[in-house]
Amino acid sequence: MSLTALQSNAQNKTLLVDPTDSTWHHAAYGKNDEIGAANLISPELVLQSLKLVKKGKTVPLAVPVNKQLPAFRHRSFNLYNIQPGEQAGATLGPNKFTFNDELVNAWTCVGTQLNGIGHIGINNIYYNGNKAQDFVTVEGVKKLGIEKVPPLVTRAIVLDMTAYYGKDIVPGGTEFTVEAIQSVLKKQGITIKKGDIVLFNTGWLELIGNNNQQFLETEPGIGM
């Protein structure tokens, strides 16, 4: 299920799913499951994935988070540097100890993020049939939280959707159909395997700082 597709079409009041359909309520991993497809990442798969490393090169997947980063609707990010007890240049103790500490007042859905499986529901019913009234509280969710997500060590593949559509930035609202994804896989000579993490290069991050308004509008993404 694509968060992008749900979010963008919810804004446009486009009905992609039947809110009365209960066939999706029950997971394939048991009635008490809280991690979904992460169940596929077994110790055996982790070992197989580690064998794929050839150069040891790392690639950052996050964007810098600050108050200039465009945030959707009501969301914001503010960081304050605090030096308790150091007013007017004061120091602490005989060794004149000083330090910087940070206080963050922010929404967690600003910038790069990994949402727990309890982030999105339909008609107040969430993954595996969990009803909001049973697990959602002001102080957090009692189930389906991000703390349930295990460390993810597996093979990742990148599908270049900019090349497929011939655009530096894939137009907002573009639906990645099964046919489109299969075409990109064939062109790149890749096969998706169970437990893979699939990343889509859409060029959308290039809008940050250049066209923040467009960045916050309907994104391209997987169809429903």
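The values are calculated or read from the model by the stated rules, or taken from the named source; none is laboratory data. Just so it is clear, the model here is predicted, and its values are computed rather than measured. Note that each Cβ is placed from the backbone with ideal geometry, even for glycine, and that neighbours are counted across all protein chains shown.
At a glance:
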item	result
Residues of region 72-120 that turn out to be in a loop (DSSP other than H, G, I, E, B), free of Cβ contacts under 8 Å to residues at least 24 places away in the same chain and polar (S, T, N, Q), as a count	7
Checking R75 against (1) within 29 Å of I122 (Cα to Cα); (2) of a type in the set (K, R); (3) surrounded by fewer than 10 Cβ atoms within 10 Å (Cβ to Cβ), the condition it does not meet	(3)
Members of region 158-182 that are of a type in the set (S, T, Y), surrounded by 15 or more Cβ atoms within 10 Å (Cβ to Cβ) and either in contact (Cβ under 8 Å) with a residue 60 or more places away in the chain or not in a helix (DSSP H, G or I) (or both)	T174
Some residue of region 80-103 being under 30 Å from K193 (Cα atoms) and not acidic (D, E)	no
Criterion: at pLDDT 95 or above, surrounded by 15 or more Cβ atoms within 10 Å (Cβ to Cβ) and out of contact with any Ser or Thr (no Cβ under 7 Å at 6 or more places or on another chain) - qualifying residue of F215, F200	F200
Cβ-Cβ under 6 Å pairs, at least 6 apart or on other chains, region 134-146 side assigned by TED's automatic domain parsing to the domain that holds G116, far side β-branched (V, I, T)	F135/V141; L144/I117
Count of residues meeting criterion [surrounded by 15 or more Cβ atoms within 10 Å (Cβ to Cβ), among the basic types (K, R) and over 30 Å from G189 (Cβ atoms)] in region 127-157	2
Criterion: modelled with pLDDT under 95 and out of contact with any Leu (no Cβ under 9 Å at 6 or more places or on another chain) - qualifying residue of G140, G85	G140
Top-ranked residue in region 19-71 [being part of a loop (DSSP other than H, G, I, E, B) and of a type in the set (S, T, Y); ranked as surrounded by the most Cβ atoms within 10 Å (Cβ to Cβ)]	Y29
Any chance L185 is in a helix (DSSP H, G or I) and not polar (S, T, N, Q)	yes
Which numbered condition P84 misses (of (1) more than 23 Å from T112 (Cβ to Cβ); (2) surrounded by 14 or more Cβ atoms within 10 Å (Cβ to Cβ))	(2)
